[in-house]
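The values are calculated or read from the model by the stated rules, or taken from the named source; none is laboratory data. Quick caveat, the model's predicted, so the values are computed rather than measured. FYI the Cβ positions are ideal-geometry reconstructions off the backbone, even for glycines, and counts take in every protein chain you see. Ligands, DNA and RNA are stripped out before the accessible areas are found, and what is left, the full protein with its side chains, is counted by its heavy atoms. Shrake-Rupley method; radii C 1.70, N 1.55, O 1.52, S 1.80 Å.
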Amino acid sequence: MIIENERTKAASGKTYEVRNPATGEVVDEVPAGGAPDVDKAARAAAKAFGSWSKLAPAKRAEILHKAARHMLGKVEEIAPILTREQGKTLLESRLEAQRFGENIAWFADLADKIHGEHVSLPDTTTYGLVVRRPIGVTGAIVPWNFPLTLAANKVAPSIAAGNTVVLKPASTTPLATLACIEALIEGGLPEGVVNVVLGAATGEAIVDHPLIRKIALTGSTPTGKKVMARAAEGLKKITLELGGSDPCIVLDDADLEAAARAISVGRFFNCGQACLAVKRLYVQEGAYDALMEKLIARASKLKPGNGLDKDSRMGPMHTETQRAEVEAQVKDAVDRGAKILFGGSRPKGGDYDKGWFIEPTILENVPDGARMWTEEVFGPALPVRKIKDLDEGLRLANDSPFGLGSSIWTASMPAARRAVDELEAGYTWVNALQIAHDELPFGGTKQSGFGKEHGVEAFYQYTEQKSIVYGGV
């Protein structure tokens with residue numbers, strides 16, 4: 001673990017193994033921390049907050065930019081570590097490691113550019129100000145699917161605003177995160193600003209610790225509800241980015257080549273293991289056959305394999321349990337009458353038998369009530385349905401407890417406008433690849449959580465407003 005910029009073992013002395021999902025081989029052995037380690041990290045963060053929060057914002061920005069530059073110089077070292085522990089391809093790992101450093105730098109730019117307000121008051125011998133102050137120690141709990149991206153989403157705005165952090169990576173993907181934070185430290189990040197604790201038991205301890213005043217979690221909706229309930233006991237601020245089942249609507253007048261490319265990336269990138277991803281596809285009848293042909297052609301090029309192999313186009317599922325869950329959802333659809341257009345099984349033989357590999361899968365005629373419509377599909381399987389018109393597409397798209405992302409492909413401005421207005425989601429892409437941008441606030445609605453990551457809005461959510469009255473003037 002990393003506490004006060006030093007590598008440290010767990011107080012208990014316990015460790016556990018991190019394994020490669022492509023081969024089953026042990027990648028490394030790491031500390032299995034617990035509540036005493038979280039307490040040590042929280043106290044280190046509280047100590048660091050006293051000096052970090054008092055730095056001039058421009059100085060904080062300077063330090064963070066220098067640290068980010070150093071970290072970005074280590075992308076080629078960090079990417080293979082991420083591939084070995086998570087499974088994704090080297091290309092995907094490079095992109096993610098790059099995004100970590102870029103996110104630190106993006107929020108560093110905001111550190112000295114957030115302004116308060118001057119407020120006139122009824123008594124002319126007084127005036128009011130509204131200023132923003134950092135919250136204190138914040139906790140970040142991160143899943144295994146995008147361990148670096150989702151850590152940066154929480155760490156970057158927090159430390160740019162003057163807070164300090166106790167960060168918990170997923171137990172199965174701690175290594176690249178440790179490497180990124182260590183690179184920031186080598187680049188000049190001060191002692192105790194970001195502390196990393198490992199092990200399954202540290203999550204609850206972060207939520208419960210009295211020195212930690214805000215919790216940011218990316219995880220499943222059931223986990224989010226548990227964290228919210230526990231955080232309520234300490235009246236902690238929370239940001240929850242939870243599950244999603246993002247609908248995509250394709251109308252007859254869409255650019256089908258561009259739509260097929262975006263849908264393929266949006267569903268199969270990172271072996272389909274993303275909260276923000278195309279997970280339900282609704283295609284108008286006139287475009288259906290042509291789009292399916294293009295999607296199948298793209299899926300057929302996604303060769304599963306070890307992420308370290310340059311010929312691999314899709315890594316394995318991260319765990320055996322996650323693969324079994326996706327297979328069960330596909331089987332449920334087929335048992336109800338769905339037809340598999342492509343994929344639907346495991347690649348077999350040789351190295352495939354060592355890891356949690358699965359084929360990209362496309363299904364049609366998936367009936368109402370099937371698990372693929374009602375649940376989040378966290379893997380490379382896509383249910384498709386024909387629709388008659390936009391009205392039907394919007395109705396089906398909104399018939400979900402989730403509301404994270406959504407997209408529409410059409411040449412009609414009125415249709416796009418309706419989708420923007422009516423889709424129940426925190427993000428809508430119109431004729432665009434499903435990428436979350438630093439410049440735009442990202443977060444869900446309904447069962448997909450609340451609060452924002454990315455954008456100025458994320459920075460604000462790591463601050464508290466303070467009102468001030470000056471008298472005798």
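Odds and ends about this structure:
- The lone exception for residue 82 - which of (1) surrounded by fewer than 24 Cβ atoms within 10 Å (Cβ to Cβ); (2) touching a helix residue (DSSP H, G or I) at 6+ places or on another chain (Cβ under 9 Å) it fails: (1)
- Residue under evaluation residue 437, criteria (1) touching a residue at least 24 places away in the same chain (Cβ under 8 Å); (2) closer than 30 Å to residue 316 by Cα, criterion not met: (1)
- Considered as a group, the residues in region 251-260 that are touching a helix residue (DSSP H, G or I) at 6+ places or on another chain (Cβ under 7 Å) and in a helix (DSSP H, G or I) include one that is most open to solvent (accessible area, probe 1.4 Å), and that residue is 257.
- Any hit, region 236-243, residues being over 18 Å from residue 375 (Cα atoms), touching a Ser or Thr at 6+ places or on another chain (Cβ under 9 Å), of a type in the set (Lys, Arg) and open to solvent by 10 Å² or more (accessible area, probe 1.4 Å): yes
- Residue check, residue 15 surrounded by fewer than 24 Cβ atoms within 10 Å (Cβ to Cβ), without any contact (Cβ under 8 Å) to a residue 40 or more places away in the chain and touching a helix residue (DSSP H, G or I) at 6+ places or on another chain (Cβ under 9 Å): no
- Tabulated pairs, region 22-46, first among the basic types (Lys, Arg), second modelled with pLDDT of 95 or more and open to solvent by less than 50 Å² (accessible area, probe 1.4 Å), C-beta under 7 angstrom, 6+ apart or interchain: 40/3
- Residue within region 40-61 that is open to solvent by less than 70 Å² (accessible area, probe 1.4 Å), in a strand (DSSP E or B) and touching an Asp or Glu at 6+ places or on another chain (Cβ under 8 Å) present: no
- Qualifying residue in region 283-290 (condition: closer than 23 Å to residue 218 by Cβ and either open to solvent by 10 Å² or more (accessible area, probe 1.4 Å) or within 19 Å of the chain's Cα centre (by Cα) (or both)): no
- Among residues of region 359-378 being under 22 Å from the mean Cα position of the chain (by Cα) and open to solvent by 10 Å² or more (accessible area, probe 1.4 Å), the one that is nearest to residue 24 (Cα to Cα) is 378.
- Residues that are within 19 Å of residue 92 (Cα to Cα), in a strand (DSSP E or B) and among the aliphatic types (A, V, I, L, M), drawn from region 263-319: 278, 314
- The residues of region 400-429 that are over 18 Å from residue 388 (Cα atoms), loosely packed, with under 15 Cβ neighbours inside 10 Å and aliphatic (A, V, I, L, M), listed by number, are 413, 420.
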